[in-house]
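A short worksheet on the structure shown next.
The values are calculated or read from the model by the stated rules, or taken from the named source; none is laboratory data. All values reported here derive from a predicted model rather than from experimental measurement. Every residue, glycine among them, receives a Cβ derived from its backbone with ideal geometry; neighbour counts consider all protein chains shown. Ligands, DNA and RNA are excluded from the accessible area calculation, which covers all protein heavy atoms including side chains. Shrake-Rupley method; radii C 1.70, N 1.55, O 1.52, S 1.80 Å.
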Amino acid sequence: MYGTYQQQDRLTEDEILQRMLERRHHYAKLDNSRGYQHSFRRKSRWELVRLSLLIVGIECTYATETALVAPILLGIGLPHTVMTMIWATPSMAGLLFAPVIASVSDRLRSRWGRRRPVMLALGITLLTGMLILPNGRAVGELLGLTSVGWLATITTCGLIMSDFSAETSNGLCRTYAMEVCTIRDQARVLSIMVLTGGIGATMGALFGAIDWNRVGIGRYLGGNDTSVFAANWIVLFVGLLVTLTSFAEIPLPVQESEPMLRPVTQKMLLDEVKRVHDEGDETEQEDVPEEVGFKQFLLNVLHMPRSMKVLCLTQLLSHMSYLTYCLYYTDFVGATVYEGDVRAVKGSIAAERYADGVRFACLGMALCSTTSSIYSVFIERLIVRFGARSVYVGGLLAHCCGMLTMGCVPHKLVVFSCCALTGIMYATIYSIPFLLISHYHSKNCFAEVDGVYVESIERRGFGVDVSMMSSMLCLAQLIVSLAIGAVIDTVGSTIIITFISSAIMLCAACSAMAIIYMGL
């Protein structure tokens, strides 16, 4: 990325960037009381880990939810059809309100910054939801509302608060980290977030695999599920506290009034490189920070080039397949592999078998998360050696084959081992699509005609395209939640989810073959 302009008697791109950062660092140090100088220096690995700790809590929450929400809702007495429709409520809230919250965050003029006040509000909502979700029955009894309908409503409120806040905070945390880092550190912090996220997901799955009643904590806290969520709550609280207190943001009014305190973006750097080499003048032209609103988001969706449409379709299908697996995997293992019954009388053999199956499934999900973290370390090297197309399609087909094998041979060792293949797919869909978007924007090309890449006339916002790609998760969750439950009830067995997931991922792999990779 850097040093591409090395020529005799000419400054390299890295040298020009360093000069820009040094000017701003010196200017920020003139008033040490504000503490903004950190935005213009290289950060240590530990500092990047501090920025990433909230991701640990968020991914831990995802793992806990996907492992235990289905058994909790089914245990209330809901059929699969209604249970899966409840899963649709957070995704509907995400599609409606996540872009609005992102727009508010872009425009926030708080002295504490643009991202952290919103992250704090979402964090409090998330922590509250995590308290309500496993305690819906206790809250209902406290309020005198003990019918199945009221218990489901209370639990759903906790699910919406936690899942929606986690998904929205995920994007804001990455935005915050990239804004307080230099552009040289942005790739580093994103890579660390993938690794720490895998650790968080593994922790959440392992929490679910522990029999908290046997170690005594479950009896004290009111049950196994409550204990799992309590452990998750502590991880989330620590991560939120550490990340929010890591680095001060430069408020929007300060950036508007003091150009030397505006972060150096890739566009500013490239403009400066061109100016220095073409004109021999190092006078920087500063841009006011771009504010991407909901209107711009809609315009980018309506005028989406074909390359982005295919990429979004692939991501949608990939998430649909993954969610079909992760939302029903614990129920599949507990009901089909262990032959238990979630609605059996508490303490009965069938109930114990189902609980054992859920804990075993959590171990499989921990294997998935661990594999994802390890694979993410090597994925860039694999892209260099084999090309993005082969790695992308191969990662999707790994999950496809794993789910097909899991359905054909529903044995404990098989369903556990195949989770590793899902981990490969998970790391793939959370890296390559975003690398492709960055590739498109760096070249400003979204189309290919007769083997030639055509430069785009219409400018597109990078943040908007990333947000749009992330929104595919909400849309996928909505579709899966509204459809799969009815299929399970019709068939009468959760084993059908393995074949559905495999078929959808096969479609995603076919779609990935049609993506424009532009030499990546």
Confirm whether R359 is open to solvent by 10 Å² or more (accessible area, probe 1.4 Å), within 18 Å of G75 (Cα to Cα) and among the basic types (K, R).
-> yes
Tell me which of these Q255 doesn't satisfy, since it passes every other one: (1) modelled with pLDDT under 90; (2) open to solvent by 30 Å² or more (accessible area, probe 1.4 Å).
-> (2)
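Going through L120, L131, L145 one at a time, which residue ends up being part of a loop (DSSP other than H, G, I, E, B) and open to solvent by 30 Å² or more (accessible area, probe 1.4 Å)?
After ruling out the rest, the residue left standing is L145.
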Does A63 satisfy being part of a helix (DSSP H, G or I), within 28 Å of V194 (Cβ to Cβ) and at pLDDT below 85?
-> no
Among the candidates L53, L74, L17, L21, residue that is open to solvent by less than 10 Å² (accessible area, probe 1.4 Å) and within 29 Å of the chain's Cα centre (by Cα) | L74
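Is it true that some residue in segment 330-340 is within 28 Å of I479 (Cβ to Cβ) and within 17 Å of the chain's Cα centre (by Cα)? Before you say what the answer is, go through the steps one by one.
So the first thing to find is which residues in segment 330-340 are within 28 Å of I479 (Cβ to Cβ), and the list is 330-337.
Narrowing the set further to residues that are within 17 Å of the chain's Cα centre (by Cα) leaves none.
No, segment 330-340 contains no residue that is within 28 Å of I479 (Cβ to Cβ) and within 17 Å of the chain's Cα centre (by Cα).
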Of the residues that make up segment 428-435, is at least one among the hydrophobic types (A, V, I, L, M, F, W, C), open to solvent by 60 Å² or more (accessible area, probe 1.4 Å) and modelled with pLDDT of 90 or more?
-> no
Scanning segment 139-165 for residues that are closer than 18 Å to V82 by Cβ and hydrophobic (A, V, I, L, M, F, W, C) gives L145, V148, W150, L151, A152, I154, C157, L159, I160
Taking first residues from segment 25-39 that are charged (D, E, K, R) and second residues anywhere that are open to solvent by less than 60 Å² (accessible area, probe 1.4 Å), the pairs with Cβ under 6 Å that are 6 or more apart or on different chains are K29/Q37
Out of (1) farther than 17 Å from T64 by Cα; (2) open to solvent by 50 Å² or more (accessible area, probe 1.4 Å); (3) assigned to a helix (DSSP H, G or I), what's the single condition that is false for V139?
-> (2)
Please work out which one of (1) in contact with a helix residue (DSSP H, G or I) (Cβ under 7 Å, 6 or more places away or on another chain); (2) open to solvent by 10 Å² or more (accessible area, probe 1.4 Å); (3) over 22 Å from M92 (Cα atoms) is the condition V491 fails and give its number.
-> (1)
R114 vs (1) part of a helix (DSSP H, G or I); (2) touching a residue at least 60 places away in the same chain (Cβ under 8 Å); (3) touching a Ser or Thr at 6+ places or on another chain (Cβ under 8 Å); (4) crowded, with 20+ Cβ neighbours inside 10 Å: all pass except (1)
Could you run through segment 204-233 and say how many residues are more than 21 Å from A366 (Cα to Cα), touching a residue at least 24 places away in the same chain (Cβ under 8 Å) and either within 28 Å of the chain's Cα centre (by Cα) or buried (at least 16 other Cβ atoms within 10 Å of the Cβ) (or both)?
-> 1
Any pair with Cβ under 9 angstrom, 6 or more apart, that starts in segment 301-322 at a residue that is among the charged types (D, E, K, R) and ends at one that is surrounded by fewer than 22 Cβ atoms within 10 Å (Cβ to Cβ) = R306/A447; R306/I516
